[in-house]
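I have placed the structure first, in the form of structure tokens, so that the comments after it can refer back to it.
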Amino acid sequence: MTAILVLNGPNLNLLGTRQPEVYGHTTLPDVEDLCRTHGKERGVSVTCRQSNHEGELVTWIHEARGTFDGIVLNAGAYTHTSIALMDAIKGTEAKVVELHISNVHAREAFRHHSYISPVAFGVMAGFGVKGYTLAIDALIAHLEG
């Protein structure tokens, strides 16, 4: 069975209460349930994790090698700052979809640059939490070739 890891970075534990005008009212547990349910419907296993700590996200990417077939990564603010996450993805050759709930290109200029994009096979942005299921579908399609 195909196994997908959904990683959420800093402040995503505050979904539903943090800037609902940008991120909506859906909570992280709701997003995780959505991902697992969608995975089950698609015949894949989905594991969800969240951390506010860059090093923990790096470790999980390392540990995904040989355990998960691909990763949906919402790195939050680390998208724009973390060379460490980029190097972890590149070093493990992980199949990654970069995900953003909001359209980062319609926001502040500092959000326009991503260290993740060059090592991800695709980017999903601006579709709200629906982007998670779209990213899972894109990852499945990519894995199927």
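Among the residues of the range 98-124, what is the count of those that are within 22 Å of Ala64 (Cβ to Cβ) and in contact with a His (Cβ under 8 Å, 6 or more places away or on another chain)?
As a first pass, look at the range 98-124 and keep what is within 22 Å of Ala64 (Cβ to Cβ): 98-101, 114-124.
In the following step, the residues that additionally are in contact with a His (Cβ under 8 Å, 6 or more places away or on another chain) were identified as 114-115, 121-124.
Matching residues across the range 98-124 total 6.
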Subset of the range 110-122, residues surrounded by fewer than 19 Cβ atoms within 10 Å (Cβ to Cβ) and within 12 Å of the chain's Cα centre (by Cα), comes to Ser117, Gly122
Considering the range 128-141, residues that are of a type outside the set (A, V, I, L, M) and at pLDDT 95 or above, and then whichever is surrounded by the most Cβ atoms within 10 Å (Cβ to Cβ), we arrive at Tyr132
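Could you say whether any residue in the range 67-76 is surrounded by fewer than 17 Cβ atoms within 10 Å (Cβ to Cβ) and not polar (S, T, N, Q)?
Checking the range 67-76: not a single residue is surrounded by fewer than 17 Cβ atoms within 10 Å (Cβ to Cβ) and not polar (S, T, N, Q).
The values are calculated or read from the model by the stated rules, or taken from the named source; none is laboratory data. Just so we're clear, the structure is a prediction, and the values are computed from it rather than from any experiment. When we count neighbours, we look across all protein chains shown, and the Cβ atoms used for this are built from the backbone with ideal geometry, even at glycine.
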